[in-house]
Amino acid sequence: MWFILFNLSTFQLNICYVGNDSIMKNQILKVEALEKYYGDFHALKGVDMEVNAGEIFGLLGPNGAGKTTMLRMLVGLIRPNSGKVTFFGKHSLQELGKVLPRIGCIIEEPKFYPYLSGLTNLKIAGKYFPNKISDERINDMIELVGLKGRERDKVSTYSQGMRQRLGIAQAMLNDPDLIFLDEPTNGLDPKGIIELRQLIMRLKKEFGKTVIISSHILSEIEEMADSMAIINKGVCVSQGSVAELLSENIVTVSVETDDQAAAEVILTSLDFKPKKDQNALVFQAELEAIPNVVQKLINADRKIYRLDHKRKLEDYFLKLTAA
Ligand code: ATP
């Protein structure tokens with residue numbers, strides 16, 4: 001049995017259920033040709049997406065790309081105009097009742113009663129689940145998200161990062177298989193971002209959760225995600241394993257030689273645009289161009305102390321979303 005409770009006073013979504021379906025080993029979510037119109041505006045234009053169990057999946061895209069729209073559809077907050085969704089290898093969007101019990105989510109930002117403690121907020125949220133959420137479970141989740149010692153303080157005294165972590169504790173209360181986090185690091189300071197990132201990684205590594213994170217913070221996805229989809233203007237422009245996508249084509253090359261001024265002249269003559277970055281010259285190049293660069297530097301009697309390259313998600317993302 002399941003139900004969705006939308007608390008008007010806090011604008012908070014609670015998804016509740018008791019169930020014991022076993023987890024499909026591989027594909028946990030498949031989205032096919034999903035479309036969404038808001039009036040005449042075509043917000044999602046036939047998006048396909050596949051997420052495997054146990055991975056962190058990054059849903060990446062610039063502002064207004066359609067990420068929140070996608071997540072809202074997947075938890076039943078809004079309906080798609082067309083398309084097909086399969087959860088856990090067998091359940092459709094029409095069977096959300098069987099699916100929601102296995103999902104935890106923070107869509108947009110977590111909302112709490114600010115004048116109540118974190119602990120009381122979790123106890124209240126726990127009551128909306130048909131199955132009993134034990135005090136022990138609540139305490140375990142407080143511990144997991146690093147709020148032990150602050151759980152009796154009012155949420156109004158919490159930092160943004162603490163509220164996000166409390167949101168994750170709430171999303172974890174019913175031990176879901178799949179967790180949706182919509183822009184979880186929005187508004188966090190660098191320390192908060194690191195803490196949240198570590199927590200999300202633990203959800204995957206220690207608890208085997210599948211986590212789908214929407215973000216426009218590229219480095220975030222690059223560091224955390226196993227797979228990703230890039231959405232731009234309602235279209236999925238790229239999808240796959242982060243490692244594989246980042247290994248394609250254009251790379252950022254960093255080179256250190258005995259004479260950087262001379263090396264810069266050579267690189268410029270090869271039509272690269274080298275920039276100084278501490279001791280290195282950094283430039284974009286196709287992977288296949290690197291041997292020629294090395295050859296030209298050697299021909300010019302330059303000593304190469306270091307040359308490495310990295311496929312930067314930022315470059316890739318900008319390239320795909322430039323249009
Ligand atoms: P952001 O990173 O800024 O949150 P997003 O990728 O989550 O963006 P969405 O919030 O899904 O994007 O919005 C996608 C597009 O749909 C945007 O152009 C937005 O203005 C539009 N949109 C979203 N919700 C509605 C709505 N209720 N009515 C009309 N248009 C909407």
Matching residues, the range 183-196, being surrounded by fewer than 18 Cβ atoms within 10 Å (Cβ to Cβ) and under 23 Å from Ile103 (Cβ atoms): Asn186
Single condition Glu95 does not satisfy, out of (1) touching a residue at least 24 places away in the same chain (Cβ under 8 Å); (2) surrounded by fewer than 21 Cβ atoms within 10 Å (Cβ to Cβ): (1)
Residue within the range 164-176 that is without any contact (Cβ under 8 Å) to a residue 40 or more places away in the chain, within 16 Å of the ligand (Cβ to nearest atom) and under 15 Å from the mean Cα position of the chain (by Cα) present: no
Residue that is farther than 12 Å from Glu256 by Cα and either hydrophobic (A, V, I, L, M, F, W, C) or surrounded by 12 or more Cβ atoms within 10 Å (Cβ to Cβ) (or both), where the choices are Ala280, Ala285: Ala285
All positions within the range 19-74 that are under 15 Å from Arg102 (Cα atoms), surrounded by fewer than 19 Cβ atoms within 10 Å (Cβ to Cβ) and either hydrophobic (A, V, I, L, M, F, W, C) or at pLDDT below 90 (or both): Gly19, Asn20, Asp21, Ser22, Ile23, Met24, Lys25, Gln27, Ala53
Residues within the range 223-233 that are surrounded by fewer than 21 Cβ atoms within 10 Å (Cβ to Cβ) and either in contact with a Leu (Cβ under 6 Å, 6 or more places away or on another chain) or assigned to a loop (DSSP other than H, G, I, E, B) (or both), tallied: 2
Hey, Arg79 at pLDDT below 95, within 16 Å of the ligand (Cβ to nearest atom) and outside any loop (DSSP other than H, G, I, E, B) or not: no
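The values are calculated or read from the model by the stated rules, or taken from the named source; none is laboratory data. Note that the coordinates shown come from a computational prediction; the quantities given were computed from them, not determined experimentally. Note that we place each Cβ from the backbone using ideal geometry, even for glycine, and neighbour counts take in every protein chain shown.
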